[in-house]
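Report on the following structure.
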Amino acid sequence: MLRWSLRFNNADTIITFRIMAVIFIFLFVGSCKEQKSNYYASGRTFAIATDHALASEAGKKIFQSGGNVFDAYVAASFAISVLRPQSTGLAGGGFALVKSAKTGKIEAYDFRERAPQLADEKMYLDSKGNVIENQSLFGYKAIGIPGNVKGLLSIHNKYGYLSLEQVLDPAYRLANEGFSVYEDLHTAIEKSKDDMNPAARNIFLRKGEALKTGSVLVQKDLANTIQNIILHGEREFYELETAAKIVKAMRVNQGIISLKDLKDYKVIQRKPLSINFKQYEIISFPPPSSGVFLFEILKFLENQDIKSLNDESPLDYYRMLVESMRIGYQDRSIHGGDPDFSLVPVDSLLSQDYLTDRTMEVLAKSKAQVDSSGEMPKTLESYNTTHISVIDSMGNAVSSTHSVNYIFGSRIVIPGTGLIMNDTMDDFATSVGTSNAYGLVGGIKNLIKPNKTPLSSMSPTFIQENGQLRIALGAPGGSFIPTAILQTILNRLEFNMNPYESVASPRVHHQFQPNLVFAEEELSSKIKSMEEFGYKFKFTPNRAKVFMVEREKSGLLHAVSDPRGQGVPAAY
Ligand code: DON
């Protein structure tokens, strides 16, 4: 076992540190208990964690009216598209891990946005080769071919019990009858309104002002689009009236998505990625997701006996945690991309030899790397992207992250459809070494090519024990997604925290560039002395929100929606 120490051998320092740690744990656990009831639910039949109480309720209601977990997932996903247009929508894309208890099989559905046929490597560069600011982020050119409708309907077709009409009914009603605008939605509109096109402003503004918290948001056009999807299935979105409206708006506004792009869109079934960790099997989404980098970090840490490291010297533990993240994200920036276009060396990245070499590198360093390259993420707030985790007593489960990428995506609504279009083209590397909205640098493997899928941080994950599904989890949060899932897994499996604390406990994050440790304020007293070793900190709330469900051996089901957000889980 490879060990490492910051050599804090001054007895006073150790005593002071321990007293501070006890006070910290006392205060933190106290505050967790206070908030827990909003963000935690339990039951024995069904559990779902989403980012809005009404989406969780929609899933639960569909399950209770004779649907299964897969119906509940599709219902909750369509509902959250209506409830959180700042995060996801029918014109977005995503990943879903799906486990059927009957077959024991786990499937990975990739229904992420893809680059249109007319896209090319230089499409966001000016004649001098410089990146044109915001062109991959706002407006028609930023839009990738959407996959959510095809992905969700494929899963429903294969696994659902109920009709599409029943499953989409909650979403239809929420769009048609409206719901109360909540703080997070109001603020997201406020922050995005200046870049919205007139059709978007029509829906989300009143007299030029963002809809106020407590006012009612009705989305009649979106209700009509959902109704048409109920009638015509996926063809509505990819071939019929809705497709025609999308293509017409593209033509008029110099967008590049064609009817052929829509018609040719394919959901890709990928082989789930799995590793052993202690007595568990952890399954995550393969490339173009970042599941492999999450696993690389986890396997790296497994080699360090982190439990004793954390017990004996928390500073060493956090330093190792940060260094493992730096390595994982460095590899992400080089190797991350669409595996159908270039090799992502999954086996090598996870091989013991490679991980040992990287560990030796870290141990040889007495100070953190001094490097000031890289850009800050555009925002550290988290309004965008969403995750749904759902499970039943049999162990049927779905873990799915989906998104329109940035806050309100491209900020374009296609007139007459109510559809917020994604801006997921920004997840490509607009040129080698350029940062995207999350401050992530991309390499050659993530350059744009027609029909290619951009690299993603979304990493829906399952944990199994003896072949039984135990935990489904995932998160929105851009670059913070893999490290948030990582720490939730460690909290639960390594440090034996309960499900709620595993999600709620404060986190750190490092993404190679910028060279900063993003840490939650509650950890400040615990880790700030790492500055002596060359680390620079940015104390900020962790922008990832974890949504987790768990099925204990006793049959008890837990659902947790991260208290960093406004989501509410449901269970019975
Ligand atoms: O796929 C990705 O990596 C991004 N489009 C996810 C964006 C996200 O999670 C935003 N969260 N705050």
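Ranked by Cβ crowding within 10 angstrom, fewest neighbours first, how are Asp427, Asp261, Asp392 ordered?
Working: Asp427 29, Asp261 25, Asp392 22.
By the 10 Å Cβ count, ascending, the order reads Asp392, Asp261, Asp427.
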Task: Rounded to whole Hz, the Karplus (6.51, -1.76, 1.60) HN-Hα couplings of region 311-325, x for glycine and proline - done: 5, 8, 8, x, 5, 4, 4, 5, 5, 5, 4, 5, 5, 5, 5
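What ranking of Arg112, Arg173 emerges when the number of other C-beta atoms within 10 Å of each C-beta is taken as an exposure proxy, fewest first? List each step's numbers first, then the result.
On the way: Arg112 32, Arg173 17.
By the 10 Å Cβ count, ascending: Arg173, Arg112.
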Open item on the list: Beyond a 28 Å Cα-Cα separation, which of these cross-linked pairs lie in this structure: Lys193/Lys266; Lys141/Lys260; Lys193/Lys536; Lys150/Lys378; Lys105/Lys553; Lys128/Lys365?
Closed with: Lys193/Lys266; Lys193/Lys536; Lys150/Lys378; Lys128/Lys365
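Sorting Val74, Val346 on the 10 Å Cβ count, fewest up front, what's the list?
On the way: Val74 31, Val346 17.
Result, fewest neighbours first: Val346, Val74.
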Task: For region 64-117, alpha-carbon Rg relative to the globular expectation (2.2 N^0.38 Å, N residues) - done: 1.35
Task: Longest to shortest principal axis, alpha-carbon extents of region 327-374, angstrom - done: 40, 29, 9
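Quick check: from the Cα gyration tensor, does region 390-433 come out rounded (a/c under 1.5), prolate or oblate? If you can, show how the numbers build up before the last one.
Details: a/c = 4.87, a/b = 1.53, b/c = 3.19.
Here region 390-433 falls in the oblate category.
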- [ ] Jot down the per residue volume, in cubic angstrom and as a whole number, of the convex hull over the alpha-carbon atoms of region 50-173.
- [x] 129
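In percent, how large is the relative contact order of the chain, given Cα pairs closer than 8 Å and 6 or more residues apart?
25
Please report, in debye to the nearest 20, how large the charge dipole of the chain is about its Cα centre when each Lys and Arg carries +1 at its beta carbon and each Asp and Glu carries -1 there. Write down the numbers at each step before the final one.
Details: 62 positive and 61 negative charges, 118 e Å.
Charge dipole, the chain, about its Cα centre: 560 debye, nearest 20.
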Task: Cα Rg over Rh - region 205-261, Kirkwood - done: 1.12
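Using only the Cα atoms, what convex hull volume per residue in Å³ does region 253-332 have? Write down the numbers at each step before the final one.
Working: hull volume 11.0 nm³, N = 80.
Hull volume normalised by residue count: 137 Å³.
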TODO: Give the residue from Ala171, Gly328, Ile471 lying farthest towards the positive end of the charge dipole for the chain; charges sit on Cβ (+1 for Lys and Arg, -1 for Asp and Glu) and the dipole is referred to the Cα centre.
DONE: Ala171
TODO: Could you work out the mean projected area of the convex hull around the alpha carbons of region 343-470, in square nanometres to one decimal?
DONE: 12.9
- [ ] Can you pull a Stokes-Einstein diffusion coefficient for the chain at 4 °C (1.567 mPa s), Rh from Kirkwood over Cα pairs, as a whole number of µm²/s?
- [x] 55
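When DSSP assigns beta bridges and you keep just the ones with both residues in the chain, what percent turn out antiparallel, to the nearest 5?
Numbers: 67 of 71 bridges.
Here the antiparallel bridges make up roughly 95 percent for the chain.
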Open item on the list: Which log10 I(q)/I(0) values does region 123-251 give at q = 0.15, 0.21 Å⁻¹ under the Debye formula, counting every alpha carbon as one identical point scatterer?
Closed with: -0.93, -1.28
- [ ] Please state, to two decimals, what the Cα-based radius of gyration of region 438-526 comes to when divided by 2.2 N^0.38 Å (N = residues).
- [x] 1.30
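Using helices alone, I'd like the mean residue ellipticity at 222 nm for the chain: each DSSP H run of four-plus residues gives -39500 (n - 2.57), total over residue count, nearest 500. Spell out each step's value before the answer.
On the way: 19 runs with 212 residues, N = 572.
For the chain, the value works out to -11500 deg cm²/dmol.
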Task: Relative contact order, percent, region 403-522 [alpha-carbon distance under 8 Å, six or more residues apart] - done: 14
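Given Cα pairs under 8 Å that are at least 6 residues apart, what percent is the relative contact order of region 409-468?
On the way: 67 pairs, mean separation 12.8, N = 60.
Normalised by residue count, the contact order of region 409-468 is 21 percent.
How large is the translational diffusion coefficient of region 199-355 in µm² per second when you combine the Kirkwood radius over alpha carbon pairs with Stokes-Einstein at 25 °C and 0.890 mPa s?
Numbers: Rh = 20.4 Å.
The calculation lands on 120 µm²/s.
Bear in mind that the values in this text are calculations on the coordinates, not laboratory data. All values reported here derive from a predicted model rather than from experimental measurement. Here Cβ is always computed from backbone atoms with ideal geometry, including for glycine, and neighbour counts include all displayed protein chains.
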